[in-house]
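> Dropping the structure in here first, questions after.
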Amino acid sequence: MLDVEIRTQPVPLLDLKAQYATLRDEIRAAIDRVADSQHFILGPEVEALEQEVAAYSQCEFGIGVSSGSDALLVALMAIDLKPGDEVITSPYTFFATAGAVARLNARPVFVDIDPLTYNIDPASVEAAITERTRAIIPIHLYGQVADMTPLMELARRHNVYVIEDAAQAIGAESAGRRAGSVGDMGCFSFFPSKNLGGFGDGGMVTTNDPDLAKKVKLLRNHGYSPKYYNKVVGGNFRLDAIQAAVLRVKLKYLDQWTAARQRNAAIYRRLFEEAELSIRPATIAGPLSEMSGVVLPLEVPNGRHIYNQFVIRSGQRDQLMKHLKERKIGTEIYYPVPMHVQECFADLCYSAGDFPLSESAAAETLALPIYPELTEDMLSTVVNAIAEFYSSRTA
């Protein structure tokens, strides 16, 4: 194990100020452009962003909406999801995935995850399909695309929709195909902490289906066609022009930032290996809590992991998190409570123990800083602090 050097250099989980400092003039010019136009809702900036994100995501259509949560909601509205319909998804996700289903009085049906990628397990999906199933929502968690090939085969065989929750995965790929381009629709978030983040909430739905694109566009603006003539009951899911203008500036740098995140992930792997702290899943013979080290994120072959998060796994996660916090190193738990045991979903009649892989992940995973502006010295500070933690446990 490496000699442990105790450092006091703060390492935040995310530093958006560092990113803004490099783009300040471009972003302020873009905001001024919108202010001068006085066109703040939808309009030319949003239309341009829609075209650019659609092209980036290998899709024909992009429809800008008010948030990633609303992207999921309007996508489900576009397939005419009705009360009592079922949507299969993972319980190990941000609330919006299942929440969008529940808001339409449909039923989220959960299946467990792959323990290495944390994405939905396709082998568990088919058994959950019933005559009431209308859609499958795979989540591309932490920036890595779910195993879409078997999911698409299942969906086509059973005539159900696939809506990709790509909120954390813009630009991620599997077998050369981008997140949001494989299923019937893809849903993206531009929340400030995302790899492509705005100055507030924002989102987008992508699709290659012209009919679905038309429906989403109609629904995002109260079902107007034309204005004040309502074809359907929609909602106010419109994207602000200022958000679009900011995102258009940032989109030009997204691949550069992704490369930096991938570089940081590679440095982490080297440092953890040098510190003899990397546990390979195949070597785990007993409880992870008894092992000195962490499980690093798996990169699926033939894919492009964009590292929205760099998530390690530790059997002593809560103690490790406390140790890092004391050393001013930012961390976060994504996500501490799986959906099937959330209080608001008690009526679904799931219980603790129903999805053990999701529950274990919720108890053991921890996100470390991975943002592009991190230096190797800062990454070393993080790994050295983790080495210090495990050294103190074995001393």
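> From Met148, Met185, Met204, grab the single residue that is over 30 Å from Val34 (Cα atoms), assigned by TED's automatic domain parsing to the domain that holds Gln51, aliphatic (A, V, I, L, M) and at pLDDT 95 or above. Walk me through how you get there before you give the answer.
Working: Met185 fails: over 30 Å from Val34 (Cα atoms); Met204 fails: over 30 Å from Val34 (Cα atoms).
From the options Met148, Met185, Met204, the qualifying one is Met148.
> Right, Asn302: touching a residue at least 60 places away in the same chain (Cβ under 8 Å), out of contact with any Lys or Arg (no Cβ under 8 Å at 6 or more places or on another chain), buried (at least 17 other Cβ atoms within 10 Å of the Cβ) and of a type in the set (S, T, N, Q) or not? Even if it seems obvious, please write down each step before you answer.
Values: touching a residue at least 60 places away in the same chain (Cβ under 8 Å): yes; out of contact with any Lys or Arg (no Cβ under 8 Å at 6 or more places or on another chain): yes; buried (at least 17 other Cβ atoms within 10 Å of the Cβ): no; of a type in the set (S, T, N, Q): yes.
When the stated conditions are applied, Asn302 does not pass them.
> Only one residue in Leu81, Leu73, Leu104 is among the aliphatic types (A, V, I, L, M), touching a Lys or Arg at 6+ places or on another chain (Cβ under 7 Å) and surrounded by fewer than 24 Cβ atoms within 10 Å (Cβ to Cβ), so which one is that?
Numbers: Leu73 fails: surrounded by fewer than 24 Cβ atoms within 10 Å (Cβ to Cβ); Leu104 fails: touching a Lys or Arg at 6+ places or on another chain (Cβ under 7 Å).
After applying the criteria, what remains is Leu81.
> Do the conditions hold for Thr375, that is, is it of a type in the set (Val, Ile, Thr) and either touching a residue at least 24 places away in the same chain (Cβ under 8 Å) or surrounded by 14 or more Cβ atoms within 10 Å (Cβ to Cβ) (or both)? Walk me through how you get there before you give the answer.
Working: of a type in the set (Val, Ile, Thr): yes; either touching a residue at least 24 places away in the same chain (Cβ under 8 Å) or surrounded by 14 or more Cβ atoms within 10 Å (Cβ to Cβ) (or both): no.
Against the criterion (of a type in the set (Val, Ile, Thr) and either touching a residue at least 24 places away in the same chain (Cβ under 8 Å) or surrounded by 14 or more Cβ atoms within 10 Å (Cβ to Cβ) (or both)), Thr375 does not qualify.
> Taking the residues in the stretch 156-188 that are touching a Cys at 6+ places or on another chain (Cβ under 9 Å), aliphatic (A, V, I, L, M) and not in a strand (DSSP E or B) as candidates, determine which candidate is surrounded by the most Cβ atoms within 10 Å (Cβ to Cβ).
It comes out as Ala166.
> Is it fair to say Gly84 is closer than 30 Å to Pro338 by Cβ and outside any loop (DSSP other than H, G, I, E, B)? Lay out the reasoning, then the answer.
Values: closer than 30 Å to Pro338 by Cβ: yes; outside any loop (DSSP other than H, G, I, E, B): no.
Spelling it out, it is not the case that Gly84 is closer than 30 Å to Pro338 by Cβ and outside any loop (DSSP other than H, G, I, E, B).
> Could I ask something else about it? Of the residues that make up the stretch 327-349, is at least one aliphatic (A, V, I, L, M), under 17 Å from Phe272 (Cβ atoms) and not assigned by TED's automatic domain parsing to the domain that holds Ser90? If you could, list the steps in order and put the result at the bottom.
Taking the stretch 327-349 first, the residues aliphatic (A, V, I, L, M) are 329, 333, 337, 339, 341, 346, 348.
The next check asks that each one be under 17 Å from Phe272 (Cβ atoms); those that pass are 329.
Applying the additional criterion that residues be not assigned by TED's automatic domain parsing to the domain that holds Ser90 yields 329.
The answer is yes, given that some residue of the stretch 327-349 is aliphatic (A, V, I, L, M), under 17 Å from Phe272 (Cβ atoms) and not assigned by TED's automatic domain parsing to the domain that holds Ser90.
The values are calculated or read from the model by the stated rules, or taken from the named source; none is laboratory data. These numbers come from a predicted model, not from an experiment. When we count neighbours, we look across all protein chains shown, and the Cβ atoms used for this are built from the backbone with ideal geometry, even at glycine.
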